[in-house]
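Written below as structure tokens is the structure these notes are about.
The values are calculated or read from the model by the stated rules, or taken from the named source; none is laboratory data. None of these values were measured; they are calculated from a predicted model. Glycine also receives a Cβ, built like all others from the backbone with ideal geometry; neighbour counts cover every protein chain displayed. Surface accessibility is based on the protein's heavy atoms, side chains included, excluding ligands, DNA and RNA. Shrake-Rupley method; radii C 1.70, N 1.55, O 1.52, S 1.80 Å.
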Amino acid sequence: MPDRNGQLQLAVMQRLPVDQSLRVSDYRWRAAERVDAVAAQYYGSETSWWMYAEANPRVLDWTQPPAGLQIMVPRGVA
């Protein structure tokens, strides 16, 4: 953007917020299932399990989720 002397200067422009909604899937945990395997199934990466962990803050321990635990799995913006 030009400054008051007409010299071009870098500027940070803010965008207006856009309404978005997140698509989620419900998932019921099965016995002996691992967090990395579920992440690979939904996201294609074993290290992306943190995405569904953040969406389910009531689950405090992801080392051995109990069978039958129902979680929300974020799938992307609709």
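Before moving on, here are some points about what is shown:
- Picking from residues in the range 1-50 that are more than 18 Å from the chain's Cα centre (by Cα) and acidic (Asp, Glu), the one that is farthest from residue 67 (Cα to Cα) is 3.
- Answer residue from the range 51-78, given it is β-branched (Val, Ile, Thr) and exposed (fewer than 10 other Cβ atoms within 10 Å of the Cβ) and is farthest from the chain's Cα centre (by Cα) among those: 63
- Test: residue 48 is of a type in the set (Ser, Thr, Tyr), assigned to a helix (DSSP H, G or I) and open to solvent by less than 100 Å² (accessible area, probe 1.4 Å): yes
- Exactly one residue out of 44, 76 is at pLDDT below 95 and in contact with a strand residue (DSSP E or B) (Cβ under 6 Å, 6 or more places away or on another chain): that is 76.
- Being among the acidic types (Asp, Glu) and without any contact (Cβ under 8 Å) to a residue 40 or more places away in the chain is a description that does not apply to residue 26.
- Restricting attention to the range 6-41, the residues that are touching a strand residue (DSSP E or B) at 6+ places or on another chain (Cβ under 8 Å), open to solvent by less than 100 Å² (accessible area, probe 1.4 Å) and of a type outside the set (S, T, N, Q) total 4.
- Residue among 58, 15 that alone is at pLDDT 90 or above, part of a loop (DSSP other than H, G, I, E, B) and among the charged types (D, E, K, R): 58
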